[in-house]
Every structure is written in C-alpha cells, then in structure tokens.
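Enquirer: I have a structure I would like to understand better, so I am pasting it below and will then ask my questions one at a time.
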Amino acid sequence: QGDRTVTTNSAKALALPLALLLTFEVWARATHLQSDSLAPPSEIVMALFGAFADLSILAATRDTLFSAFTGLAIGTIIGLAFGIAFGISDTLNRLMEVTVEAIRPIPSIALLPIALIALGFGYRMEIVIVAFACVWPILILSRAAVRSIEPRLMEVARALRLPPAQRVWKIIIPAALPRIFVAFRLSAGIALIVAVTVEIAINPLGLGAGIMLAQQALRPDLMLAYLVWIGAIGYALNVLLVVAQRRLFGRAALSGDGQ
C-alpha cells in the first residue's frame, strides 16, 4: 500500500505540469509560434535528443559536473573543518563571528572579476567560486550540529581522556553526521547552480556556455533543452542524496531535516 500511495502521489504531482505542457504545445502549434525565447515542448525534446546524438550536451555536462563536484568537495572540507572548530571552541567562535558574518553575505558571483584576473578562464576559476559558495552552508550547519551534540557524549570523551583528534573522529563527527549531510545536500544544489551561473556569465565551457551559444544562434529550442537537462540533473542529484541520507541515517535523517 505504501508503494501504491507513493506512485499515486507521483502521478498527481506530474499531472499539472504535463497538462500545462500539452496546452502550451497545442497553443504554439495553433498560433505558429515564432519566438527567440520560446519553443514548443516537442521541438525542445527533439533538440535535446539532437544534443545527445552529437555528444555536445554530454561534453558540456562533464565540464559542469567536474567543476561543481570539485568545488563542492573543496568547500565541504574547508567548511567542515572550520565548522567543527567553531563548534568546539567558544573562544574561536566569538573571535571569528564578525569575520564570518561579514564575508558570508558576499555573493559568490561578485568574485568573478577577481577570480578572472587571478586565475583566468577555465576550470580553476569556476572551482574556486563554487568552493566559496559551498563553504558557508557547510560551516554554519556543521557548527550548529556540533554545538547541539548531547553533552553526555562529550563527558564520556573527557572521561576516556581521548585526544582532541580522536574526540572529533570518534565522538563529534558520528554524532553530528546526519545534520552535516543535510548541509552537504544543500551545498550540492548550490554547487550546480553557481557552476552554471559562472558559465553563463563569463566562463566559456559547460552547460551554461551551451545555453549562451544556443541563445546567440537563435535556437530557443536548444537553449530550453539545456535548461530542461540542467533541471533533470539537479532533480536526480537531490533524489540520490535523499535516498543515501535515508539509507545511511534512517530516522536520524528526518530529524536532520527538521521534520
């Protein structure tokens, strides 16, 4: 019954979008739509298949995901290290609070001119900007997770006289991991968004550059096909991470989501 309910809910969720797409398709065909920014859904699907056939969209996907995942990994490592340090040490947290809150609101895209001058076009610039964007959710949520650990666990660590490194590895990280994984899920979405945005704005590679090339070639069907594919990648990434979270943490995953 549970599987049947999930299937029914999924069908209901898809009903409205499919109805809207069908309505737009009929309207576009009836009015012989001529636009530089819109295209009938059937043409978008055909353009998507064409991009797969010539492998252009796969090459662009490889470039975007490489930059996004590399930046995500770097941002996660940095954010987790600082988040745990700030969560453990009240003194360090107070000393760095103003600095963190002053830097955190800076939009990652605002770093484009500096990154371009320092690193030039290519993967390095994009990875650095993605990493900067991913650091903050990991840092903030991991700090909160560490500070919310059951005090008795820390008392056990002190009673066992564990060195700081072992205390972090054996007590703090396992206890905070469900909430840290939630931060990782959030950062994964941010990484994909920022990578595509950088490519649209300035970096001539990846899916963002594919969108711009299609727009310059007056191919709204191909431009929208790239957007649909980016949405599909983001959805699939989130589903995979949700499944992994539930498999790894069970009920703790729900509490980590605040549900």
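The values are calculated or read from the model by the stated rules, or taken from the named source; none is laboratory data. As the structure is a prediction and not an experimental result, all values here were calculated from the model. Cβ atoms come from the backbone with ideal geometry, glycine included; neighbour counts cover every protein chain shown. What goes into the accessible areas is simple: the full protein's heavy atoms, side chains included, and nothing from ligands, DNA or RNA. Shrake-Rupley method; radii C 1.70, N 1.55, O 1.52, S 1.80 Å.
Enquirer: Just checking, does segment 75-91 include any residue being buried (at least 17 other Cβ atoms within 10 Å of the Cβ), in a helix (DSSP H, G or I) and among the charged types (D, E, K, R)?
Expert: no
Enquirer: Within segment 231-253, is even one residue open to solvent by less than 70 Å² (accessible area, probe 1.4 Å), of a type outside the set (V, I, T), within 27 Å of A53 (Cβ to Cβ) and assigned to a loop (DSSP other than H, G, I, E, B)?
Expert: There is no residue in segment 231-253 that is open to solvent by less than 70 Å² (accessible area, probe 1.4 Å), of a type outside the set (V, I, T), within 27 Å of A53 (Cβ to Cβ) and assigned to a loop (DSSP other than H, G, I, E, B).
Enquirer: Between S56, S10, S42, S37, which is modelled with pLDDT under 95, over 27 Å from T197 (Cβ atoms), under 27 Å from the mean Cα position of the chain (by Cα) and open to solvent by less than 90 Å² (accessible area, probe 1.4 Å)? Show your work before the answer.
Expert: Numbers: S56 fails: over 27 Å from T197 (Cβ atoms); S42 fails: under 27 Å from the mean Cα position of the chain (by Cα); S37 fails: over 27 Å from T197 (Cβ atoms).
On inspection, the qualifying residue turns out to be S10.
Enquirer: If you don't mind, there's one more thing I want to ask. Contact list please: Cβ distance under 7 Å, first residue in segment 193-209 and farther than 15 Å from F132 by Cβ and touching a residue at least 40 places away in the same chain (Cβ under 8 Å), second residue among the hydroxyl-bearing types (S, T, Y) and open to solvent by 10 Å² or more (accessible area, probe 1.4 Å), pairs at least six apart or on different chains.
Expert: So the pair list comes out as L207/T61; L207/Y226; G208/T197.
Enquirer: Another question, then. Please find, among L186, L207, the residue that is within 17 Å of the chain's Cα centre (by Cα), open to solvent by 60 Å² or more (accessible area, probe 1.4 Å) and either within 15 Å of A85 (Cβ to Cβ) or among the aliphatic types (A, V, I, L, M) (or both).
Expert: Values: L207 fails: open to solvent by 60 Å² or more (accessible area, probe 1.4 Å).
Just one listed residue meets the conditions, L186.
Enquirer: Take S67 and tell me if it is surrounded by fewer than 17 Cβ atoms within 10 Å (Cβ to Cβ) and small (G, A, S). Spell out how you get there, then give the answer.
Expert: Working: surrounded by fewer than 17 Cβ atoms within 10 Å (Cβ to Cβ): no; small (G, A, S): yes.
When the stated conditions are applied, S67 does not pass them.
Enquirer: Using the structure shown, decide if R143 is closer than 26 Å to I77 by Cα, of a type in the set (K, R) and out of contact with any Asp or Glu (no Cβ under 8 Å at 6 or more places or on another chain).
Expert: yes
Enquirer: So, one more: Yes or no: segment 135-149 includes at least one residue that is among the aromatic types (F, W, Y), touching a residue at least 24 places away in the same chain (Cβ under 8 Å) and not in a helix (DSSP H, G or I). If you could, list the steps in order and put the result at the bottom.
Expert: Step one: list which residues in segment 135-149 are among the aromatic types (F, W, Y), which gives 136.
Those left that are additionally touching a residue at least 24 places away in the same chain (Cβ under 8 Å): 136.
Retained after the next criterion (residues that are not in a helix (DSSP H, G or I)): none.
There is no residue in segment 135-149 that is among the aromatic types (F, W, Y), touching a residue at least 24 places away in the same chain (Cβ under 8 Å) and not in a helix (DSSP H, G or I).
Enquirer: Of the residues R179, R219, R124, R167, which is open to solvent by 70 Å² or more (accessible area, probe 1.4 Å) and modelled with pLDDT under 90? Quick ask: steps written out before the conclusion?
Expert: Working: R219 fails: modelled with pLDDT under 90; R124 fails: modelled with pLDDT under 90; R167 fails: open to solvent by 70 Å² or more (accessible area, probe 1.4 Å).
From the options R179, R219, R124, R167, the qualifying one is R179.
Table: residues versus (1) over 26 Å from A195 (Cβ atoms); (2) surrounded by 16 or more Cβ atoms within 10 Å (Cβ to Cβ).
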| position | (1), (2) |
| --- | --- |
| W136 | no, yes |
| V146 | yes, yes |
| R152 | yes, no |
| A157 | yes, yes |
| P163 | yes, no |
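Enquirer: Tell me which residues, restricted to segment 118-138, are under 9 Å from G75 (Cβ atoms) and among the aliphatic types (A, V, I, L, M).
Expert: Answer for segment 118-138, where residues must be under 9 Å from G75 (Cβ atoms) and among the aliphatic types (A, V, I, L, M): V130, A131, A133, V135, I138.
Enquirer: Within segment 127-179, can you find the residues that are among the hydroxyl-bearing types (S, T, Y) and within 11 Å of L80 (Cβ to Cβ)? Can you show your working first?
Expert: Step one: filter segment 127-179 for residues among the hydroxyl-bearing types (S, T, Y), giving 142, 148.
Selection gives S142 alone.
Enquirer: Out of all the residues in segment 112-126, is one or more farther than 20 Å from T197 by Cβ and either in contact with an Asp or Glu (Cβ under 6 Å, 6 or more places away or on another chain) or part of a helix (DSSP H, G or I) (or both)?
Expert: no
Enquirer: Within segment 94-106, how many residues turn out to be surrounded by 11 or more Cβ atoms within 10 Å (Cβ to Cβ) and within 26 Å of E199 (Cα to Cα)? Show your work before the answer.
Expert: Taking segment 94-106 and keeping what is surrounded by 11 or more Cβ atoms within 10 Å (Cβ to Cβ), we get 95-97, 100, 103-104, 106.
Filter once more, keeping what is within 26 Å of E199 (Cα to Cα): 103-104, 106.
Number of matching residues: 3.
Enquirer: Is it the case, given these coordinates, that S148 is of a type in the set (S, T, N, Q) and over 20 Å from the mean Cα position of the chain (by Cα)? Full working, then the answer.
Expert: Details: of a type in the set (S, T, N, Q): yes; over 20 Å from the mean Cα position of the chain (by Cα): yes.
Judged against the criteria, S148 is a match.
Enquirer: Determine if segment 152-162 includes at least one residue that is outside any helix (DSSP H, G or I) and either touching a His at 6+ places or on another chain (Cβ under 6 Å) or hydrophobic (A, V, I, L, M, F, W, C) (or both).
Expert: Within segment 152-162, the first condition is being outside any helix (DSSP H, G or I), and the residues that meet it are 160-162.
Add one more test, that the residue is either touching a His at 6+ places or on another chain (Cβ under 6 Å) or hydrophobic (A, V, I, L, M, F, W, C) (or both), and what stays is 160, 162.
Yes, because at least one residue in segment 152-162 is outside any helix (DSSP H, G or I) and either touching a His at 6+ places or on another chain (Cβ under 6 Å) or hydrophobic (A, V, I, L, M, F, W, C) (or both).
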